[in-house]
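The values are calculated or read from the model by the stated rules, or taken from the named source; none is laboratory data. Computed from a prediction, not measured in an experiment: that's the story for all the values here. Here Cβ is always computed from backbone atoms with ideal geometry, including for glycine, and neighbour counts include all displayed protein chains. All accessible areas refer to the heavy atoms of the entire protein, side chains included, with ligands and DNA or RNA removed. Shrake-Rupley method; radii C 1.70, N 1.55, O 1.52, S 1.80 Å.
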Amino acid sequence: MNDWYRLCIILLVFAVQHLLSTREKPYWGLILPLLYLVTLTFLHTLGMVEWSMAKLILFVMIGELFLFGYWISGRKALYNRRVNELKQ
């Protein structure tokens, strides 16, 4: 896969994660981190990726940190938007 396609996919996933994280229900933002974990585990189990267990754990940890970071920032953005609406 071309590097530009990978970059576009990653940016799209982060944009969707931020969008889901700013919804009323906080559980929407947990969809992508869980889907990411399940997908990487599934790909490794089927042998579609030739990663060692350490590399898989590293990719899972880094990906989850980014996705949960976007989830937290989305929740803070929603909170700040609510506070600003109440001030007006």
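For the residues Lys76, Lys55, a 1.4 Å probe over the protein chains yields an accessible-area ranking, largest first, of Lys76, Lys55. Remark: relative contact order (the chain) = 39 percent; criterion is Cα-Cα distance under 8 angstrom and separation of 6 or more residues. Glu64 contributes about 30 Å² of solvent-accessible surface, heavy atoms of the protein only, 1.4 Å probe. Taking the Cβ of Gly29 as the center, what net charge do the other residues with Cβ under 12 Å away carry, scoring Lys and Arg +1 and Asp and Glu -1? Overall, the nearby charge balance is +3. Round to a whole number: what % of the accessible area of the chain belongs to carbon and sulfur, probe 1.4 Å? Roughly 72 percent of what the probe reaches on the chain is carbon or sulfur. Per the Cα gyration tensor, the chain maps to an equivalent ellipsoid with semi-axes of 31, 14, 10 Å, ordered largest to smallest.
Just the number please: accessible area per residue for the chain, 1.4 Å probe, all protein chains included, in Å².
On the way: 6920 Å² over 88 residues.
Accessible area per residue: 79 Å².
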